[in-house]
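Here the structure is laid out as structure tokens; the discussion comes afterwards.
The values are calculated or read from the model by the stated rules, or taken from the named source; none is laboratory data. These figures come from a predicted structure and were not determined experimentally. Methodologically, a virtual Cβ is constructed for each residue, glycine included, from the backbone with ideal geometry; neighbour enumeration extends over all protein chains shown. Remember, those area values only see protein heavy atoms, side chains included, never the ligands or the DNA or RNA. Shrake-Rupley method; radii C 1.70, N 1.55, O 1.52, S 1.80 Å.
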Amino acid sequence: MTIVIGFEGSANKIGVGIIKDGVVLSNPRRTYITPPGQGFPPRDIAKHHQARVLEVTSEALEQAHIKPEEIDCVAYTKGPGMGAPLVCVAIVARTLSQLWNKPLLGINHCIGHIEMGRLITGATNPTVLYVSGGNTQVIAYSERRYRIFGETIDIAVGNCLDRFARVLKISNDPSPGYNIEQMARRGMKLVDLPYTVKGMDVSFSGILSFIEEAAHRMLAAAECSPEDLCFSLQETLFAMLVETTERAIAHCGSEEVLIVGGVGCNLRLQQMMAAMCKERGAKLFATDERFCIDNGAMIAQAGWEMFRAGHVTALEDSWITQRFRTDEVEVTWRG
Ligand code: MG
């Protein structure tokens, strides 16, 4: 029996989760939400996390009915992510590991998403589409690494959606992407937007610039509605993601596709990916907002796999890093 507590705070959510041998015992989370039209500066997020991390930790322990002495390992997000929030959460993990006298383990956030997706869906060897506010990658496992087959060459798909939401002053509560998804369902007209796939890579910054420049002009001229713009942006961005994922599964001969990351709970993205998978005889796996949006349990789950494979992080190595690529970690826990 191995029990791991995981601390996540690389972006605007602070989460603490406890995993016991493949079972999520608790996974509370708080989200830092700003008014419409505004983003979230790292300094403000760090203050948010700092103010809530202890209450979320107590909640995780209480809900799991676990005492600190029963925990085997304290896992935390080492990176990638925003510097100030990462530091704030790492300090708490480091302090608790010393107070409780438990080993510490720094986790790659992207690998947390992948391992949580595999646990929740039961996918065994999927090609992974990882889509969030900070990351966009097509990943497949090969020879002890999660290899990156394609990725964004500029901003993440979720960042493109979030910043578009600011242009139209769409609410950030519960998330800009969720509100765009609801509005897109009422879209009737497909507005022509740039489509930028370069080999296996994708680019979103030009699409964002285009729509930032054109949105108010088109709306003023009654060429389309805000709902049409939400619909058109989703259709265009998601088609790019499905195209690159399709090429990866064709190359790998994959029979499974797993979508992880915050944008992964978008049902339209899941629907488009499912249509492609059906044509290729592949199976689509996805999770809901509890597990695909950043959370503590995903860090605990990656920690559980790594701790059992013999990994620990020495106190002097327990730093954080804003840049930490998925393929930097040797995957020693998969056969
Ligand atoms: Mg994430």
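Residues considered: V74, V23. Of these, the only one that is among the hydrophobic types (A, V, I, L, M, F, W, C), away from the ligand (no atom under 16 Å from the Cβ) and open to solvent by 10 Å² or more (accessible area, probe 1.4 Å) is V23.
Considering only the range 288-305, I want to know if a residue exists there that is open to solvent by 50 Å² or more (accessible area, probe 1.4 Å) and over 16 Å from the mean Cα position of the chain (by Cα). Checked against the condition, which is being open to solvent by 50 Å² or more (accessible area, probe 1.4 Å) and over 16 Å from the mean Cα position of the chain (by Cα), the range 288-305 yields no hits at all. Go through the range 7-18 and give me each residue that's in contact with a Gly (Cβ under 7 Å, 6 or more places away or on another chain) and either among the acidic types (D, E) or away from the ligand (no atom under 13 Å from the Cβ) (or both). Those that are in contact with a Gly (Cβ under 7 Å, 6 or more places away or on another chain) and either among the acidic types (D, E) or away from the ligand (no atom under 13 Å from the Cβ) (or both): F7, E8, V16, G17.
Scanning the range 26-37 for residues that are in a loop (DSSP other than H, G, I, E, B) and in contact with a helix residue (DSSP H, G or I) (Cβ under 7 Å, 6 or more places away or on another chain), we see that the one that is least open to solvent (accessible area, probe 1.4 Å) is P28. Looking for something open to solvent by 20 Å² or more (accessible area, probe 1.4 Å), acidic (D, E) and either modelled with pLDDT of 95 or more or within 22 Å of the chain's Cα centre (by Cα) (or both) - is there at least one such residue anywhere in the range 46-59? The answer is yes, given that some residue of the range 46-59 is open to solvent by 20 Å² or more (accessible area, probe 1.4 Å), acidic (D, E) and either modelled with pLDDT of 95 or more or within 22 Å of the chain's Cα centre (by Cα) (or both).
Counting only strands (runs of 3 or more DSSP E) wholly contained in the range 89-175, the ones carrying 1 or more residues that are under 24 Å from E246 (Cβ atoms) and either among the aliphatic types (A, V, I, L, M) or open to solvent by 50 Å² or more (accessible area, probe 1.4 Å) (or both) occupy 127-131, 136-142, 145-151.
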